[in-house]
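What follows is calculated from the coordinates using simple rules that are stated; it is not laboratory data. Source: prediction; values computed, not measured. Counting neighbours? That spans all protein chains shown, and the Cβs are built from the backbone with ideal geometry, glycine included.
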Amino acid sequence: MEENSTKKVILSGIQPSGILTIGHLAGALKNWVALQDSFSCLYMIANMHAITVRQNAADLRRRTLETAALFLAAGVDPEKSVLFIQSQVPEHAQLTWVLNTFAGYGELGKMTQFKDKSAKNAENINCGLFTYPVLMASDILLYQADAVPVGEDQKQHLELTRNLAQRFNYYYSDTFKIPEPYIPKIGSRIMSLQDPTSKMSKSDENQNSLIYLNDSNEEIINKIKRAVTDSNAEVRFDEANKPGVSNLMTLYHLATGISFEDIEKEFAGHGYGDFKLSVGKAVADWIAPLRERYNEIIKDKKRLESILIYGAEEAHKIARKTLDKVYKKVGFVRF
Ligand code: AQP
């Protein structure tokens, strides 16, 4: 990241809690790559967030590197953006402790994601799950981010981040920049292939519901063939009444650039069989170059590690400045 750049700062991250899906490409990575020239971007592998749901250690280690390789394969450029692993920058945990003392028990309990995740993980409702949004606030505030790309499900967390920053600034003095939500110009929400009314999620146990970014062409085509649609064989974009078909149309549009109107014309009078085959082939063609780049990048562990070490050092330099200010303001002794 250029020193003294006047570019606005953007921070975003993805948890390495599974292999990334085509949803991450459409909803996050595609947009991240487009932002790199006009913003100072920090892109983070959010492994500290990931352990709020129990992870197998070996899997988490492997997936952390795979996630980094997928960021690079999708076009994140380590010479333009800071690419780092969250746990390698200790300031995230350090600021979280301070901000925990500014977050209310009641306000954290109201977070929709906490309620949803607690319901899904009833056997492990840990305090990390509860303070997850405080860690997210630290991620953002450490870098004095101007903007954070957020989907619907993260809006509430960003609002909390803004409240915590304002509360701290008011109690002490101006310390944190108040971040704004960034609503991406491009980016789409990709739904599960088996339940098109819910988001495609990497931790979904049903392998047919998602397309991983390292799936083979054959796997992609087969999963799309099995996708849930509806009983009236008409290719028409209508998310409320035809969520499955609309989701496939979104994928076809992303893969080919063809407008929804033209997709409807192209498949008028055809059955879903033809449509699904075309979508499958188009998505496979779209993903294949990314997968090939990924396969090359993941082979060269030394290079990948050095990119991540460099990224962590860059992130640490910025984060340290903010944390030093915070420690001074709260009255932590420094020798
Ligand atoms: N299906 C999706 N469509 C569009 N965007 C998506 N994102 C995730 N899934 C889709 C975008 O990816 C970023 C964060 O990803 P994350 O993995 O850190 O968290 P998540 O949103 O909770 O993703 P998953 O796959 O559902 O994770 P698990 O299963 O581990 O809980 C965000 O920018 C998000 O919009």
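Would you calculate the volume per residue, in Å³, of the smallest convex hull containing every Cα atom of segment 207-295?
Enclosed volume per residue, from the Cα hull, is 84 Å³.
Report the calculated FRET efficiency for Ser198 and Glu107 (r = Cβ-Cβ distance, R0 = 41 Å), to the nearest 0.05.
0.95
Under 20 °C and 1.002 mPa s, how fast does the chain diffuse according to Stokes-Einstein, given a Kirkwood radius computed over C-alpha pairs? Answer in µm²/s, whole number.
101
Return the FRET efficiency for the residue pair Arg189, Lys265: r is the Cβ-Cβ distance, R0 is 25 Å, and the value is rounded to the nearest 0.05.
It comes to 0.55.
If we count every other residue with Cβ under 14 angstrom of Ala268's Cβ, Lys/Arg +1 and Asp/Glu -1, where does the sum land?
-4
Assign unit charges at the C-beta atoms only (+1 for Lys and Arg, -1 for Asp and Glu), then state the dipole size of the chain relative to its Cα centre in Debye, rounded to the nearest 20.
That gives a dipole near 1040 debye.
Compute the distance in nm between two label points, each set 7 Å from the Cα along the Cα-to-Cβ direction, one at Lys329 and one at Asp238.
5.3
Under 19 Å from a point 7 Å along the Cα-to-Cβ line of Lys8: which residues of segment 66-81 have their amide N that close?
81
If I model a spin label at Asn169 and Gln156 as a point 7 Å from the Cα along the Cα→Cβ vector, what separation in nanometres do I get?
About 2.4 nm separates the two model spin labels.
At 0.36 nm per residue, minus the direct Cα-Cα distance, what do Ser216 and Trp97 gain on full extension? Give it in nm, one decimal, please.
Gain on stretching Ser216 to Trp97: 38.5 nm.
Going by how many other beta carbons lie within 10 Å of each one, how would you line up Ser306, Ser231, fewest first?
Ascending number of Cβ neighbours within 10 Å: Ser231, Ser306.
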